[in-house]
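The values are calculated or read from the model by the stated rules, or taken from the named source; none is laboratory data. As the structure is a prediction and not an experimental result, all values here were calculated from the model. Positions of Cβ are backbone-derived with ideal geometry, glycine not excepted, and every protein chain shown enters the neighbour counts.
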Amino acid sequence: MAIKLSDETYYDIKELEKILGFSHITIRKYLKNPEKYNLWGYKVGKNRWYVSEYNLKKFIEGKDLQKLFGIAENQLKEIEEERKKKGN
């Protein structure tokens, strides 16, 4: 579930799976080695990871896959719309 702190939205691994189309295993691998994969996140507690919207966009922009960027942008918009409908 995404959380909003100040003006920034943070996405958990489940939402990153939807947005990026990667498995949770791949996302965790990327988060554990951000220098190599350029996906920066914050570990909270033992197993919970969050990636800021800013860092997610930087990751997507760093990819040469314009198709991935388009899909991810659409997914971000859909998730934001769903959250607004739920009143979060």
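Which members of the stretch 19-45 meet the condition of being part of a helix (DSSP H, G or I) and among the hydrophobic types (A, V, I, L, M, F, W, C)? Break it down into steps so the answer makes sense when it comes.
Applying the first criterion (part of a helix (DSSP H, G or I)) to the stretch 19-45 yields 19-20, 24-32, 34-37.
Those that are part of a helix (DSSP H, G or I) and among the hydrophobic types (A, V, I, L, M, F, W, C): Ile19, Leu20, Ile25, Ile27, Leu31.
If a residue must be in contact (Cβ under 8 Å) with a residue 60 or more places away in the chain and surrounded by fewer than 16 Cβ atoms within 10 Å (Cβ to Cβ), how many such residues does the stretch 12-37 contain?
Taking the stretch 12-37 and keeping what is in contact (Cβ under 8 Å) with a residue 60 or more places away in the chain, we get 15, 18-19.
Remaining after also requiring surrounded by fewer than 16 Cβ atoms within 10 Å (Cβ to Cβ): 18.
The qualifying residues number 1.
Selection of the stretch 47-88 for residues being at pLDDT 65 or above, closer than 16 Å to Tyr37 by Cα, of a type outside the set (A, V, I, L, M) and not in a helix (DSSP H, G or I) yields Trp49, Tyr50, Ser52, Lys63. Pairs are defined by a Cβ separation below 8 Å, a sequence spacing of at least 6 or placement on different chains, a first member in the stretch 38-54 that is closer than 11 Å to Asp12 by Cα, and a second member that is surrounded by 14 or more Cβ atoms within 10 Å (Cβ to Cβ) and acidic (Asp, Glu); the pairs so defined are Arg48/Asp12; Trp49/Asp12; Tyr50/Asp12.
The single condition among (1) modelled with pLDDT of 90 or more; (2) surrounded by 15 or more Cβ atoms within 10 Å (Cβ to Cβ); (3) among the aliphatic types (A, V, I, L, M) that Val44 does not meet is (2).
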